[in-house]
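Trainee: Before I ask anything, here is the structure I am working with.
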Amino acid sequence: MYQKILLAADGSDHSIRAASHAVKVAQIDQGKIDIVYAVDGKTSKEDVLHGLDKYEVKKERQEKLLPVIEVIEEAGLECETHVVHGEPGPAIVDFANRNEYDFVVVGSRGLNQVQTMILGSVSHKIAKRVHCPVLIVK
């Protein structure tokens, strides 16, 4: 039913909870979970200002997602991590639609709660614009 699952994650507690729900859905039909992490312009600028080279940046992002990856791998499921650039909502929607996922799982809030209140929630944007079912985990 849901073989190709996309998990939008940023390393927050909400994304770790979302990962456990993605695992439950994937286990129904031994689906595969892809993790997508969106990097906006502000995050990219901070990485450059901290003087990190591209290898250190990649390593830091992977470490941020490690708890999410561990939840998936502990369940014995495959996962692959993808990094997209741009405003998180539209970037994740574009990635999900281009790659024709069967199901998308996202936490209700990420790391940037102030921005979420002002600009609208990333999870809301995903739910409105992705062409497949979306599970928003509180």
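Trainee: Against the definition (touching a helix residue (DSSP H, G or I) at 6+ places or on another chain (Cβ under 9 Å) and modelled with pLDDT of 80 or more), how does GLN27 come out, yes or no? Working first, answer last.
Mentor: Details: touching a helix residue (DSSP H, G or I) at 6+ places or on another chain (Cβ under 9 Å): no; modelled with pLDDT of 80 or more: yes.
When the stated conditions are applied, GLN27 does not pass them.
Trainee: Would you point out which residue out of VAL130, VAL122 is among the β-branched types (Val, Ile, Thr), modelled with pLDDT of 95 or more and touching a helix residue (DSSP H, G or I) at 6+ places or on another chain (Cβ under 7 Å)?
Mentor: None of the other options fit; the residue is VAL130.
Trainee: Would you point out which residue out of GLU74, GLU46, GLU78 is within 18 Å of ILE5 (Cα to Cα), at pLDDT below 95 and open to solvent by 40 Å² or more (accessible area, probe 1.4 Å)?
Mentor: Of GLU74, GLU46, GLU78, the one residue that is within 18 Å of ILE5 (Cα to Cα), at pLDDT below 95 and open to solvent by 40 Å² or more (accessible area, probe 1.4 Å) is GLU78.
Trainee: If I ask for residues that are out of contact with any strand residue (DSSP E or B) (no Cβ under 6 Å at 6 or more places or on another chain) and not acidic (Asp, Glu), which ones from segment 87-102 would you list? I'd like the intermediate steps shown before the answer.
Mentor: Within segment 87-102, the first condition is being out of contact with any strand residue (DSSP E or B) (no Cβ under 6 Å at 6 or more places or on another chain), and the residues that meet it are 87, 89-90, 93-94, 97-100.
GLY89, PRO90, VAL93, ASN97, ARG98, ASN99, listed by residue number.
Trainee: Please determine, by comparing only the residues of segment 20-43 that are within 18 Å of ALA127 (Cβ to Cβ) and of a type in the set (Gly, Ala, Ser), which one is surrounded by the fewest Cβ atoms within 10 Å (Cβ to Cβ).
Mentor: ALA38
The values are calculated or read from the model by the stated rules, or taken from the named source; none is laboratory data. Just so it is clear, the structure is predicted and the values come from calculations on it, not from any experiment. FYI the Cβ positions are ideal-geometry reconstructions off the backbone, even for glycines, and counts take in every protein chain you see. For accessibility, only protein heavy atoms count, side chains too; no ligands or nucleic acids. Shrake-Rupley method; radii C 1.70, N 1.55, O 1.52, S 1.80 Å.
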